[in-house]
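The values are calculated or read from the model by the stated rules, or taken from the named source; none is laboratory data. None of these values were measured; they are calculated from a predicted model. Every residue, glycine as well, gets a Cβ built from its backbone with ideal geometry; the counts of neighbours run over all protein chains shown. These area figures cover heavy atoms from the full protein model, side chains too; ligands, DNA and RNA do not enter into them. Shrake-Rupley method; radii C 1.70, N 1.55, O 1.52, S 1.80 Å.
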Amino acid sequence: MRTFFQKMHGLGNDFVIVDERATSFDLTPRRIAGLADRRRGIGCDQFVTLSAPEDSKASVFVRFFNPDGSEAGACGNASRCVASLIGQELHTDSLTFETQNGLLEARILSRDEMKGTVVTVDMGRPRTDWQAVPLAKAVDTLRLPLAGEPAALSMGNPHATFFVTDLSEAERGPALEIDPLFPDRANIGFARIDAPDRMRLRVWERGAGFTLACGSGACAAVVNAVRRGLGERRMTVEVDGGEMVIAWDADDHVLMTGPAQLAFEGTVDLEAYPK
Ligand SMILES: N[C@H](CCC[C@H](N)C(=O)O)C(=O)O
């Protein structure tokens with residue numbers, strides 16, 4: 001039996017989205033890893049499932065899985081893609097969806113055939129107490145030349161941001177992802193501050209590796225930049241795949257604005273992927 005999927009991306013951070021609201025599929029971590037494989041499967045940075053919400057305020061419950069089969073509590077770029085899909089389905093520009101990290105509000109700002117949809121997602125409040133991580137220790141271990149004190153927080157998923165002048169330091173990402181400092185591993189952002197309202201960011205994602213963009217990573221990097229006195233509360237974040245705007249508002253919510261695009265649709269025989 002073939003299952004319909006939609007292939008979308010946010011600034012090149014790409015997703016396979018499967019709708020389980022009518023039929024739930026037996027998506028084990030191994031099967032998800034097979035489907036996310038860029039050679040043997042469809043290929044994606046994160047595999048996304050839609051299911052019926054538990055909270056009546058939400059239109060849909062969304063889950064995000066890395067290509068290694070692990071689940072992520074947040075995924076900013078995929079959240080914009082889901083908002084675009086569900087907004088189109090419900091003929092609305094404002095919607096709420098449920099994630100493992102709680103309810104997220106989204107607003108569709110514009111729809112364009114070529115450029116795709118521009119969406120603002122309220123990614124909620126950063127948990128800066130997530131990990132009183134002695135990051136300086138990691139820094140010493142790795143002798144990372146820094147342009148500012150690093151910082152860690154959770155956007156519903158763990159992020160550590162290292163402020164550097166040379167983005168080639170991102171090659172330290174794999175070692176830092178699994179550093180014992182992070183009991184659940186972590187997404188590792190390397191940020192170069194180019195102006196008080198602008199940064200260049202590369203993220204080594206937990207369970208996925210380097211991606212062309214990381215929405216929750218951009219949110220974490222801006223909040224961490226503000227915490228370290230390196231940036232303003234509203235910054236343009238340039239990533240390999242393009243730009244998004246992050247604003248940490250007065251209510252302590254982090255608003256992320258950027259594009260969401262549909263690449264293609266297709267069908268797949270899920271049973272062909274071992275459980
Ligand atoms: N690409 C996603 C982040 C995925 C996070 C995942 N790698 C984790 O294990 O937390 C984003 O746009 O926010």
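For the stretch 151-249, DSSP calls about 70 percent of its internal beta bridges antiparallel.
Per the Kirkwood formula on distinct C-alpha pairs, the Rh of the chain is how many angstrom?
Details: mean 1/r = 0.0536 Å⁻¹.
After inverting the pairwise mean of 1/r, the radius is 18.7 Å.
Given the -39500 (n - 2.57) contribution per DSSP H run of 4+ residues, what per-residue ellipticity at 222 nm results for the chain, rounded to the nearest 500 deg cm²/dmol? The helix-only estimate for the chain comes to -5000 deg cm²/dmol at 222 nm.
What does the charge dipole of the chain about its Cα centre add up to, to the nearest 20 debye, if the Cβ of each Lys and Arg holds +1 and the Cβ of each Asp and Glu holds -1? Walk me through the intermediate numbers first.
Values: 30 positive and 39 negative charges, 79 e Å.
Using Cβ point charges on Lys, Arg, Asp and Glu, the chain gives about 380 debye.
Relative contact order for the chain: 22 percent, from Cα pairs under 8 Å spaced at least 6 residues apart, divided by residue count.
Rolling a 1.4 angstrom probe over the protein heavy atoms with all chains in place gives the stretch 151-249 an accessible area of 33 Å² per residue.
Taking 0.36 nm per intervening residue step and subtracting the Cα-Cα distance, what contour gain separates ASP194 from ALA272 on full extension?
23.3 nm
What's the long-distance tail for the stretch 151-249, i.e. % of Cα pairs beyond 22 Å? It works out to 17 percent of all Cα pairs. Phi angles across the stretch 4-21 convert, under the Karplus curve 6.51 cos²θ - 1.76 cosθ + 1.60 with θ = phi - 60°, into 3J(HN,Hα) values of 6, 9, 10, 9, 10, 8, x, 6, x, 7, 10, 9, 9, 10, 10, 9, 9, 5 Hz, Gly and Pro given as x. Under 5 Å between amide hydrogens, built in the peptide plane, is the criterion, and for THR99 it picks out VAL62, LEU104 among residues at least 5 positions away or on other chains.
Please list 172-178, 53-59, 185-191 highest first by mean number of surrounding beta-carbon atoms within 10 Å per residue.
Details: 172-178: 17.9, 53-59: 12.9, 185-191: 27.4.
By packing density, highest mean first, the sequence is 185-191, 172-178, 53-59.
Taken about its Cα centre, the stretch 151-249 carries a charge dipole of about 220 debye when Lys and Arg each add +1 at the Cβ and Asp and Glu each add -1 at the Cβ.
The modelled label-to-label distance between GLU149 and ALA250, using points 7 Å beyond Cα along the C-beta direction, is 2.8 nm.
How many percent of the accessible area of the stretch 8-64 is carbon or sulfur, using a 1.4 Å probe?
Numbers: 1080 of 2450 Å².
Here it works out to 44 percent.
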